[in-house]
Amino acid sequence: MRKFRFHAVASVLLTAALALAGCSGGGGETASPSGDAGKSPSGGQGGGEQQVTLSMHSWRVEDTEGYKKLIAAFEAKNPNIKIEFKPFKATEYNTILSTALQSDSGPDLLQLRPYAPGISLATAGYLEPLDNVPGIQNFPKNVTAASTGKDGKVYGMPLSLSTTQFYYNKKIFEENGLKEPKSWDELIATAKALKEKGIVPISFGAKEGWLLSLSNGVIAPASFGDGYVEKLLKGESDLKSPEYLKSVQRMQELIPYFPENYVGLDQNDMRTLFATEKAAMYINGSFELEGIRKLNPNLQLDFFPMPTDDGKQVITTWVDGSYAVNAKSKHKQEALKFLEFMATKEFAETFAKQFHSISAMPGVKTDDPLVDKMAELSQSSSVPYLMVIHFAQGNPTTKQVLENSLQGMYLGKLTPEQVVEEVQKSAATWFEPFKK
């Protein structure tokens, strides 16, 4: 019944039934996988083995060239296995993947959304458990928790950690005698000073809902204080609390420092505005670092963590995706072999350096000072991305309700009080601590 209910809900949520040409789990020459499913993939490199082509799907179109290099390193050691990397637009990926899996035409390898969305695919029986894949033990339990099913099995090989923060243009700050703000009042004062000079203080857009929950994920912890998240998870507080309401009020307080027509700006618009030095600050994730630099390699870039009301600084952190194996893949053993490669330090170091990202594997360093700074803060001053880690369930999810409600606030249709009322109402339908 659990699986049936998932199919029913997923079908309602799909905006269209998309047929995926060339997305078959077989994806190439026919070859029978060797060994038992779920056990350590071994297999040799002998020329007598038939060639297998694995399909690999992702939501990271911008990572295409980088993945080619990583895949080439694997194929050099495994000449009988070829991998076709096919990314989709991030906003369309969930629907495309769900449609494909329901019709048994999903890819062999799939990038898994972290926490509830990915775990729901495991619950529905779409994914192969990875507990026996060599190297999975290289990741801490709090990292593999992002793709651990209700049965206690791990279904995703972790890729990286993500952080969110305020990026800023060092040149603009220095030219205007500004320093990194150490409190909310200093942040507002900095934004005011920039606006008075005719500079857009914060590159921001409200067109895409996920950017709003992400921005709230950065701003909210500043008003939480010690122990708030624990109280929330125990049901001793809720999302209408003064602490959470304050985070939404602060998002409203920033409106005068956004670009004109910000409600119509999307991720690309925001990135371009900041990278072309037309805005001084930019709220976004560590995954944006490479994209910013591609647009402007000469940008004098830095970031600051969110200053809190009690004089500290925090950086919002979460496990940002993993790779899973389709339980119905015709080439399961070969797919598991690729995930075994992903669990090596060689892959972790190459991935981190290639994409300027924080590795999910502890102890991996890069040659990028900003990435290493993010990694260090994620160990010393991190707070959880509340909506992704704890409130990404419900129908629609509480995260989506927050996003829609914040869009309503920016359109002048909802007050901050109404936003948190809607968010709490959503969470109360499924979050057990709120049902006490």
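The values are calculated or read from the model by the stated rules, or taken from the named source; none is laboratory data. Keep in mind that this is a model prediction, so the values were computed, not measured. Cβ atoms come from the backbone with ideal geometry, glycine included; neighbour counts cover every protein chain shown.
Within region 198-207, does at least one residue satisfy the condition of being in the same structural domain as residue 429 (by TED's automatic domain parsing), part of a helix (DSSP H, G or I) and of a type outside the set (S, T, N, Q)? Checking region 198-207: not a single residue is in the same structural domain as residue 429 (by TED's automatic domain parsing), part of a helix (DSSP H, G or I) and of a type outside the set (S, T, N, Q).
Residue 352 falls short on exactly one of the conditions (1) within 30 Å of residue 73 (Cα to Cα); (2) hydrophobic (A, V, I, L, M, F, W, C); (3) modelled with pLDDT under 95; (4) not in a helix (DSSP H, G or I), and that condition is (4). Picking from residues in region 274-318 that are surrounded by fewer than 20 Cβ atoms within 10 Å (Cβ to Cβ), at pLDDT below 95 and of a type in the set (Asp, Glu), the one that is farthest from residue 214 (Cα to Cα) is 310.
Condition check ((1) assigned by TED's automatic domain parsing to the domain that holds residue 393; (2) assigned to a strand (DSSP E or B)) across all residues:
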| position | (1), (2) |
| --- | --- |
| 145 | no, no |
| 168 | yes, yes |
| 172 | yes, no |
| 178 | yes, no |
| 193 | yes, no |
| 229 | yes, no |
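Filtered by the rule that a residue be crowded, with 17+ Cβ neighbours inside 10 Å and either among the small types (Gly, Ala, Ser) or assigned to a strand (DSSP E or B) (or both), region 151-166 gives 154, 156, 157, 158, 160, 161, 162, 163, 164, 165, 166. Only one of the numbered conditions (1) at pLDDT below 95; (2) at positive phi is violated by residue 376, and that is (2).
Listed here are the residues, each with its yes/no results for (1) of a type in the set (A, V, I, L, M, F, W, C); (2) assigned to a helix (DSSP H, G or I); (3) not assigned by TED's automatic domain parsing to the domain that holds residue 209.
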residue	(1), (2), (3)
237	no, no, no
243	no, yes, no
248	yes, yes, no
251	yes, yes, no
260	no, no, no
268	no, yes, no
274	yes, yes, no
284	no, no, no
288	no, yes, no
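The condition of being outside the structural domain of residue 147 (by TED's automatic domain parsing) and either touching a residue at least 24 places away in the same chain (Cβ under 8 Å) or under 16 Å from the mean Cα position of the chain (by Cα) (or both) holds for only one of 397, 366, that being 397. What do you reckon, is residue 349 of a type in the set (Asp, Glu), out of contact with any helix residue (DSSP H, G or I) (no Cβ under 8 Å at 6 or more places or on another chain) and not assigned by TED's automatic domain parsing to the domain that holds residue 266? It is true that residue 349 is of a type in the set (Asp, Glu), out of contact with any helix residue (DSSP H, G or I) (no Cβ under 8 Å at 6 or more places or on another chain) and not assigned by TED's automatic domain parsing to the domain that holds residue 266.
Looking only at residues in region 410-436 that are basic (Lys, Arg) and part of a loop (DSSP other than H, G, I, E, B), the one that is surrounded by the most Cβ atoms within 10 Å (Cβ to Cβ) is 413. Restricting 130, 110 to residues that are more than 20 Å from the chain's Cα centre (by Cα), closer than 19 Å to residue 337 by Cα and not in a helix (DSSP H, G or I) narrows the list to 130.
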